[in-house]
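The values are calculated or read from the model by the stated rules, or taken from the named source; none is laboratory data. These figures come from a predicted structure and were not determined experimentally. Cβ atoms come from the backbone with ideal geometry, glycine included; neighbour counts cover every protein chain shown. Accessible surface is based on the protein model in full, side chains and every heavy atom, while ligands, DNA and RNA are left aside. Shrake-Rupley method; radii C 1.70, N 1.55, O 1.52, S 1.80 Å.
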Amino acid sequence: MKKTIKRIMCLVLVAAMVGVLAGCKKINYVTTGTIQAINEVKSGEWQNAGDEASGEDEDVSVLEAEFKAGTYGGVEFKSEEDVINFYKEAYDYSKTLTAQYTDKDGNTQTFYKLLGEEKLEVGNIMIDGSSNAMINNLVPGIVDGLYSPGLNGLVPSTNRDPKLDTDAWDGNGESLATSRIVPEDILACNIADNGDGTVTVQLQPKAVNMSMPGADAQGHVFQTLGAIDSVVDSISVLSWSQGTTADNCKVNYKSGVATVKINAATKEIVEADYTMKAYVNVTHASIAVIKDKSASLDITMQWKYPASAEYLQSSKGITLVG
């Protein structure tokens, strides 16, 4: 996930809080104020928040099936830990596999064999606990105007090039070529035999507030946003009627699920769908004459593997060789 997603979160919330004035007879202020806020926010980024609101809701399994010990795809699984370790082995092996791609200039490049499609959805915008149709109608345009889907390896991942796939977007962090998942990260999991030599593993990581990519339960399974407190503090139009950024901004990651199809014999991941959910919550926010407002929104980020030929072209202009 890119810094752009953080900008989108910030822009949407700022525009939403300015938009509450639409209920008053201050249409010109709303129009110019929103544009001014958006222009200022574009140079910054956003921070975390969320509970289903603030993360106080119980962390419960959303998986339809529970784990049952048995033999799947010819492999014996005695415990949930066996399933998690099997996933880690499959992830690690799959990220050793590369393929050749050609770009629009005919150059050949080596990237991960398994690249994924990205999709971002932002919704359920609430201001002081109430939904506003005008604000929610603005969201798709804001998101579509700022967000350009990426093309990376199995999440967590920041690049399609294995040499640059690290936990820092500039490629100078620690490698993400191997999974950091541990059994303690997972709230629930299961496994199913597909009857064709493949098994499907589902994993639901434990809830985390302000997750860091590659550093915690959610960050071991998804490409989470990370801590961005300083970014929020840089937004000139935003202040707090009480407390600090850390007090008033929360992002709770929970109820996300990874669904992964694996060749049981080779341990190669052949298909995967990752759905990350984050619940953003901001309290005591003030923007210009708007004082002490709360705002919340839901973020769903999806990664689907393998990426289609059309997506490879539209996102990065590359074609798989062979």
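Restricting attention to region 128-173, the residues being modelled with pLDDT under 95, among the charged types (D, E, K, R) and assigned to a loop (DSSP other than H, G, I, E, B) number 3. Only one entry in A278, A265 is in contact with a Gly (Cβ under 9 Å, 6 or more places away or on another chain) and modelled with pLDDT of 95 or more, namely A265. For region 174-186, taking the residues that are hydrophobic (A, V, I, L, M, F, W, C) and in a loop (DSSP other than H, G, I, E, B), the one that is nearest to T259 (Cα to Cα) is identified as I181. Restricting region 149-169 to residues that are touching a helix residue (DSSP H, G or I) at 6+ places or on another chain (Cβ under 9 Å) and open to solvent by 20 Å² or more (accessible area, probe 1.4 Å), the residue that is farthest from P213 (Cα to Cα) is P149. I'm trying to understand the selection: among the residues of region 64-85, which are under 24 Å from G116 (Cβ atoms), touching a strand residue (DSSP E or B) at 6+ places or on another chain (Cβ under 7 Å) and either modelled with pLDDT under 95 or in a helix (DSSP H, G or I) (or both)? Listed by number, the residues that qualify are V83, I84. Quick check on my filter: what residues within region 113-127 are open to solvent by 60 Å² or more (accessible area, probe 1.4 Å) and in a strand (DSSP E or B)? Scanning region 113-127 gives K119, E121, N124. Within region 171-227, the residues that satisfy the criterion of being over 18 Å from the mean Cα position of the chain (by Cα), of a type in the set (V, I, T) and buried (at least 17 other Cβ atoms within 10 Å of the Cβ) are I191, T198, V199, T200, V201. From the list S94, S79, the one residue that fits, being free of Cβ contacts under 8 Å to residues at least 40 places away in the same chain and either of a type in the set (G, A, S) or more than 22 Å from G153 (Cβ to Cβ) (or both), is S79. Of these, G195, G153, which one is in contact with a Gly (Cβ under 8 Å, 6 or more places away or on another chain), under 24 Å from T266 (Cα atoms) and of a type in the set (G, A, S)? The conditions single out G153.
Screening T110 against (1) at pLDDT 95 or above; (2) outside any strand (DSSP E or B) leaves a single unmet condition, (2).
Mind listing whichever residues of region 284-305 are touching a residue at least 60 places away in the same chain (Cβ under 8 Å), open to solvent by 40 Å² or more (accessible area, probe 1.4 Å) and touching a helix residue (DSSP H, G or I) at 6+ places or on another chain (Cβ under 6 Å)? Of everything in region 284-305, just one residue is touching a residue at least 60 places away in the same chain (Cβ under 8 Å), open to solvent by 40 Å² or more (accessible area, probe 1.4 Å) and touching a helix residue (DSSP H, G or I) at 6+ places or on another chain (Cβ under 6 Å), namely K293. Residues that are in contact (Cβ under 8 Å) with a residue 60 or more places away in the chain, open to solvent by less than 10 Å² (accessible area, probe 1.4 Å) and among the hydroxyl-bearing types (S, T, Y): does region 306-319 have at least one? No: region 306-319 contains no residue that is in contact (Cβ under 8 Å) with a residue 60 or more places away in the chain, open to solvent by less than 10 Å² (accessible area, probe 1.4 Å) and among the hydroxyl-bearing types (S, T, Y).
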